[in-house]
Every structure is written in C-alpha cells, then in structure tokens.
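The values are calculated or read from the model by the stated rules, or taken from the named source; none is laboratory data. The model shown is predicted, which means the values in this text are computed figures rather than measured ones. Note: ideal-geometry Cβ built from the backbone for every residue, glycine included; neighbour counts use all protein chains shown. Note: areas computed on protein heavy atoms with side chains; ligands, DNA, RNA excluded. Shrake-Rupley method; radii C 1.70, N 1.55, O 1.52, S 1.80 Å.
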Amino acid sequence: MPDAPAAPPSVLFVCVHNAGRSQMAAAFLTHLADGRARAASAGSAPAATVNPTVVRAMAEVGIDLSTATPKALTPAAVRDCDLVVTMGCGDACPVVPGRRYLDWALPDPAGQGIEAVRPIRDEIERRVRELIAELG
C-alpha cells in the first residue's frame, strides 16, 4: 500500500491583536501557496475586529479580509502547527518544543493610514513568498 501523501506544512502567524500583520500574512499564504501550505493566525490579546485600513489595503491586492475575525492565541494552536511566525507578540507567545519559530520585525499597522499600511502589506507579501519557496 503506498504511503499517504504528507500533509502540507502549517504556519501560525501571531501578533498582539491579530488585527493586522498576522491576518495579512495568513491571507497571503492561503492565497499564494495554492494548497502547498496551510495558514492560521492568532493574537496574544485579540482585538474585536480586523483593522479596517488593513482590510482596505488587502482589498487593493484582491484579498478580502472583510469577514476575518481576530482569534486568541492558544497553546493548542501552537501545538497544531509546524512553524510559528511571530510579529511583535514578545513573551506572550507560548514556546512549544519541536516547533520552529521565526520572528518578523514589522511595524504595527494599528492607527496608521493607508499610505503607511501599504508598505507593511507589501513587505509581508515579500516575506510570505520567500517562506512558501522555502517550504517547497
């Protein structure tokens, strides 16, 4: 009997409020990976809604975040992924042995106008594209 195909790697993107950077990163991974990787996002102190300027910036590149909702970071979410990409959550991110961690130092789009959010969005897209290439 042939081996079952391996599940695609899963990536958890984490920031404080899960309202900007991590939402954009997860959406880009889902949009660009074409099923070769799975994405989730969470926040150590999730906001009530996704930042409307982030929603607008992502709509400009054809990705709809209008129905996305911030989610709380849980130890189970970390255990259930292969890679955790943190973006400014500091010590609030739980460390689970056996998981790979990357930290992306990116400005927080909170309180920023669209002109400031676009370069953050574009840098996240660039990093996600590199990550997809690395994951194979």
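Give the Cα extents of region 50-121 along the principal axes, in whole Å, largest first.
39, 24, 18
When the chain is modelled as a GNM with alpha-carbon springs shorter than 10 Å, which of Thr67, Thr86, Thr49 fluctuates the most?
Most flexible of the set in this elastic network: Thr67.
Could you do me a favour and compute the accessible area per residue for the chain, 1.4 Å probe, result in Å²?
51
Assigning unit charges at the beta carbon (Lys, Arg +1; Asp, Glu -1) and nothing else, what dipole magnitude in debye, to the nearest 20, does the chain show about its Cα centre?
I would put it at about 160 debye.
Along the principal axes of its C-alpha atoms, what lengths does region 97-136 span, in descending order and rounded to whole Å?
Sorted largest first, the three principal extents are 38, 23, 9 Å.
Which value at 222 nm does the chain reach when only helices count, each DSSP H run of 4 or more adding -39,500 (n - 2.57), with the total divided by all residues and rounded to the nearest 500 deg cm²/dmol?
-11000 deg cm²/dmol
Carbon-plus-sulfur fraction of the accessible area of the chain, 1.4 Å probe, in percent?
Solvent-exposed carbon and sulfur of the chain make up 54 percent of the total.
Below 8 Å, C-alpha to C-alpha, sequence gap of six or more: please give me the relative contact order for the chain in percent.
30 percent.
Quick check: the angle from helix 114-135's long axis to the longest principal axis of the chain, C-alpha only, nearest 10 degrees?
10
What is the sum of charges around Leu32, taking Lys and Arg as +1, Asp and Glu as -1, for the other residues whose C-beta is under 12 Å from the C-beta of Leu32?
With Lys, Arg at +1 and Asp, Glu at -1, the neighbours total +1.
For region 1-64, report the convex hull volume of the alpha-carbon atoms normalised per residue, in Å³, without decimals.
Taking only Cα atoms, region 1-64 has a hull volume of 87 Å³ per residue.
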